[in-house]
Every structure is written in structure tokens, then in C-alpha cells.
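Here is the structure we will look at.
Nothing in this text is a laboratory measurement; each read-out follows from the coordinates by a stated rule. All values derive from a computational prediction rather than experimental measurement. No Cβ is skipped: glycine too gets one built from the backbone with ideal geometry, and neighbour counts run over all protein chains shown.
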Amino acid sequence: MAGKFELWVDKGGDWRFNLKASNGQVIATSQGYSSKASALGGIESIKTNAPAAATVEIEK
């Protein structure tokens, strides 16, 4: 089974989503969005942009 996005409304009324791995582990959590359409746009952005995203190590 592939991973999945779970979409919900938090206690403050913002839309949020988790990206879960096939084993059910949460591997990413979104910011809060004011609308469902915006949250769905965030999901689509991840689907589109993540395969090309670079991994960059930073020093702190």
C-alpha cells in the first residue's frame, strides 16, 4: 500500500494534513490553512515539487 495524505480541521478551525507512510507512521505534518482548497493546494505542491527537492545539510 502506498502512503497517504490525511486531511482534517484542527481545534482552531484551520485545515491541516499529515503525510503518512504505508506503515501508518506520520512523516510530514502541514502548517494550518484557512481553507480546504488551500490545504489541498499544499498537498498538490508536495506531490509536484518533492521529487525534485534537494537535500541540503545546514550547520547550526
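Here are some notes:
- Cα-based reach from residue 36 at 27 Å (exclusive), listing lysines while leaving out same-chain residues under 8 positions away: 4, 11, 20, 47
- Look at the alpha carbon pairs under 8 Å that are at least 6 residues apart: their mean separation over the length of segment 4-50 gives a relative contact order of 30 percent.
- Computed extension length for residue 27-residue 11: 3.6 nm, one decimal, from 0.36 nm per residue of separation with the Cα-Cα distance subtracted.
- Between residue 55 and residue 36, the modelled label-to-label distance comes to 3.6 nm, taking each label 7 Å out from Cα in the direction of the beta carbon.
- Exposure proxy order (Cβ contacts within 10 Å, fewest to most) of 56, 26: 56, 26
- Nearest-ten-degree value, helix 36-49 long axis tilted from longest Cα axis of the chain: 10
- Helix-only [θ]222 nm of the chain, DSSP H runs n ≥ 4, -39500 (n - 2.57) each, per residue, nearest 500: -7500 deg cm²/dmol
- When the chain is treated as a GNM with alpha-carbon contacts under 10 Å, the residue of 20, 36, 47 showing the greatest mean-square fluctuation is 47.
- Here log10 I(q)/I(0) by the Debye sum over Cα atoms at q = 0.13 Å⁻¹ was calculated from the structure, and among [x] -0.37; [y] -0.27; [z] -0.40 it sits at label [z].
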